[in-house]
Amino acid sequence: MPHYTKPAEGSWTQHYPELGTDPVSYDDSISPEFYELEREAIFRRTWLNLGRVEQLPRKGSYFTREMDAAGTSIIVVRGMDDEVRAFHNMCRHRGNKLVWQDYPREETSGVCRQFQCKYHAWRYDLQGQCTFVQQEQEFFDLDKADYSLAAVQCEVWEGWIFVNFDASNTTPLREYLGELAWGLEGYPFDKLTQVHRYRSEIGANWKLFIDAFVEFYHAPILHSGQYQPDEAAKVASYGYEALAYGIDGPHGMVSSWGGIAPPKDPSMVKPMERELRSGLFGPWDHADLGIDELPPSVNPTRHKNWGTDSFVFFPNFMILFWKPNWVLTYHYWPTSYNTHIFEGTAYFVPPKTARERLAQEYAVVSFKEYGLQDANTLEATQSMLESNTPVKTFPLNDQEILLRHLHHTARRYVDEYQKTTLVGA
Amino acid sequence: MATTSVLPSEFADLEPFAGWALQGERARYAKRIESTMDELQAFYDAAFPRTQAALDYLDQFPLDELPEDAKHLLWLYCALITVSFPVEAWRQPRVPDSGASSIDAILEPVI
């Protein structure tokens, strides 16, 4: 008997019949050819999150991002009119990279009134208009109005900045994000301005690392060392069941119980957790978000044992909501078929005291300790999937539904892209 | 010969471990994995019993107005968090099975 109610079909997976229940192949994660198709079909055609508007605090604040998967570098800037815009980071004169410091491949950020190319001093305002051409009279019928920076579609949802590299895209961001996101609207993200960001180069396909973070079936086993011994045995014997799963188009979510905060029995947790009143799920003393009720997508079953929700916004953006009122985001930026850059960012209400600061530090350091276990496990998975073994398919259980959904979605985008390009040919 | 103390005088007993009062998780983690378990255990054994005293001391000040020596004490306790995982869970400085993996802080609060 399941501890938590499953859909009438008997399982979460069968509730979404397009997913099937057969063992799956990870051929989509070990093939350079498939990755090239994903770059075109997914990373150049969907809305990609780049972080929050607070990263651009003032008029003229900008940052650059190296978008390997989409094959370009971009500038994201807050204009004099407070609009956030994105441009390809290329001077229209000879194609020099427009904004960079010392090392052209490294990202940079700052505040400016205009962009000026290092090469021949062409200048652009914050809306991308070309405003100055060095020795303009030497050119032939050149009209600066024809030489604006190449714009990238850029929209903001609840303070989250997204870009879309498909110039012909007609789906607005909010429509793309769908119902799961609409049910998050009103969450006071703008109050969570205390930020810790971590980055890691991972030797595995980007989807495999998402896989690791959208199932908790592994948690009682892989992370057992983080529990006190009695607790580890109990957790392993229970196994794991989520409170609920949700899927809407390419996006998905899992709602989970947990977060022993504070624990009924203090001996269940590590001594330092007791001293600082914090743990992986965050500070035991909840931050004040200034709202009466969480938006409907957070703890959708309104379960009293709720601890955390993980949302996957396809392709590579996850937002995790934790019961003590903080948020963690994950980004997975592919750099090749079997490598990617992982970024984890924790957002807290700014601490007023050292006690609150240390409780947050404990949560963030716990995330890193768990993440290091996950990261190395995935390199081991990638190497075996790529090896020449006769095993080609793998079973997935009902608690691994979001993995099935992710790989299914990636294949669907690639299939649809291939169909359109064939028709167009 | 006068020596300059890093920590508030109330925590003179932790002065031998003042080298852990490092700004930034990256520096604290680097020191952890360069240390032996004996060194980590010695720091933990000295600092852990003083945690509540340190929290009470630090909470006299608003976080954005911490004196220099109090800032050092805060960082020392941030380091104790980093060190608590090997001492309380892993029994080794590195996360088990983490191999060559690294996860690096690239943005952190100043204090």
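The values are calculated or read from the model by the stated rules, or taken from the named source; none is laboratory data. The structure presented is a predicted model; accordingly, all values stated were derived computationally and were not measured. Here Cβ is always computed from backbone atoms with ideal geometry, including for glycine, and neighbour counts include all displayed protein chains.
For the range A:67-96, which residues satisfy the criterion of being modelled with pLDDT of 95 or more, among the charged types (D, E, K, R) and outside any loop (DSSP other than H, G, I, E, B)? Passing the criteria: A:ARG78, A:ARG85.
How many residues, within the range A:190-199, are within 16 Å of the chain's Cα centre (by Cα) and either more than 7 Å from every other protein chain (Cβ to nearest Cβ) or at pLDDT below 95 (or both)? Qualifying residue count, the range A:190-199: 0.
For (1) under 29 Å from A:ASP230 (Cα atoms); (2) surrounded by 15 or more Cβ atoms within 10 Å (Cβ to Cβ); (3) under 25 Å from the mean Cα position of the chain (by Cα); (4) of a type outside the set (A, V, I, L, M, F, W, C), each residue gets a yes or a no:
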position	(1), (2), (3), (4)
A:PRO263	yes, yes, no, yes
A:MET268	yes, yes, no, no
A:MET272	yes, yes, no, no
A:PHE281	yes, yes, yes, no
A:LEU289	no, yes, yes, no
A:LEU294	no, yes, yes, no
A:PRO300	no, yes, yes, yes
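Across the range A:330-362, what is the number of residues that are of a type in the set (Ser, Thr, Tyr) and free of Cβ contacts under 8 Å to residues at least 24 places away in the same chain? Break it down into steps so the answer makes sense when it comes.
First pass over the range A:330-362, keeping only residues of a type in the set (Ser, Thr, Tyr): A:330, A:332, A:335-337, A:339, A:345, A:347, A:353, A:362.
Subset that is free of Cβ contacts under 8 Å to residues at least 24 places away in the same chain: A:353.
The number of residues fulfilling the criteria is 1.
Of the residues making up the range A:210-232, those that are at pLDDT 80 or above and of a type in the set (A, V, I, L, M, F, W, C) are A:ILE210, A:ALA212, A:PHE213, A:VAL214, A:PHE216.
Filter the range B:81-103 down to the residues that are facing another protein chain (nearest Cβ under 7 Å) and modelled with pLDDT of 95 or more, then identify the one that is farthest from A:GLY344 (Cα to Cα). Residue satisfying both the conditions and the ranking: B:GLU88. For the structure I just gave you, tell me whether A:LYS234 is among the charged types (D, E, K, R), surrounded by fewer than 22 Cβ atoms within 10 Å (Cβ to Cβ) and part of a helix (DSSP H, G or I). Considered against the rule, which asks whether it is among the charged types (D, E, K, R), surrounded by fewer than 22 Cβ atoms within 10 Å (Cβ to Cβ) and part of a helix (DSSP H, G or I), A:LYS234 comes out as yes.
Search the range B:56-74 for residues being under 13 Å from the mean Cα position of the chain (by Cα) and at the interface with chain A (Cβ under 10 Å from one of its Cβ atoms), and hand back the single one that is farthest from B:ALA27 (Cα to Cα).
Step one: list which residues in the range B:56-74 are under 13 Å from the mean Cα position of the chain (by Cα), which gives B:70-74.
Next, from what is left, pick out any that are at the interface with chain A (Cβ under 10 Å from one of its Cβ atoms): B:70-71, B:73-74.
Working: B:ALA70: 19, B:LYS71: 15, B:LEU73: 15, B:LEU74: 14 Å.
Top of the filtered list is B:ALA70.
Any residue in the range A:307-315 that is at pLDDT 95 or above, small (Gly, Ala, Ser) and closer than 25 Å to A:THR21 by Cα? Scanning the range A:307-315, I find at least one residue that is at pLDDT 95 or above, small (Gly, Ala, Ser) and closer than 25 Å to A:THR21 by Cα, so the answer is yes. Of all the numbered requirements in (1) of a type outside the set (A, V, I, L, M); (2) crowded, with 22+ Cβ neighbours inside 10 Å; (3) within 19 Å of A:VAL312 (Cα to Cα), A:GLU361 misses one, and that requirement is (3).
Looking across the range B:58-107, the residues that are outside any helix (DSSP H, G or I) and among the basic types (Lys, Arg) come down to B:ARG91, B:ARG94.
Residues of the range B:37-44 include none that is under 16 Å from the mean Cα position of the chain (by Cα), crowded, with 17+ Cβ neighbours inside 10 Å, under 30 Å from A:GLN55 (Cα atoms) and touching a residue at least 12 places away in the same chain (Cβ under 8 Å). Of all residues in the range A:321-365, those satisfying the criterion of being within 30 Å of A:ALA69 (Cβ to Cβ), more than 12 Å from chain B (Cβ to nearest Cβ) and not in a strand (DSSP E or B) are A:TYR337, A:ASN338. Taking each residue of the range A:49-71 that is closer than 30 Å to A:GLU36 by Cβ and looking for partners that are of a type in the set (Lys, Arg) and in a loop (DSSP other than H, G, I, E, B) with beta-carbon atoms closer than 6 Å, six or more apart or interchain, yields A:ALA70/A:ARG44. Could you tell me whether A:ASN397 is away from chain B (no Cβ under 11 Å), among the polar types (S, T, N, Q) and more than 23 Å from B:GLY99 (Cβ to Cβ)? Yes.
When B:ARG32, B:ARG26, B:ARG50 are checked against the criterion of being part of a helix (DSSP H, G or I), in contact (Cβ under 8 Å) with a residue 12 or more places away in the chain and touching a strand residue (DSSP E or B) at 6+ places or on another chain (Cβ under 6 Å), a single residue qualifies: B:ARG26.
Taken over the range A:39-66, the criterion of being within 18 Å of A:TRP206 (Cα to Cα) and not in a strand (DSSP E or B) is satisfied by A:ARG39, A:GLU40, A:ALA41, A:ILE42, A:PHE43, A:ARG44, A:ARG45, A:THR46, A:TRP47.
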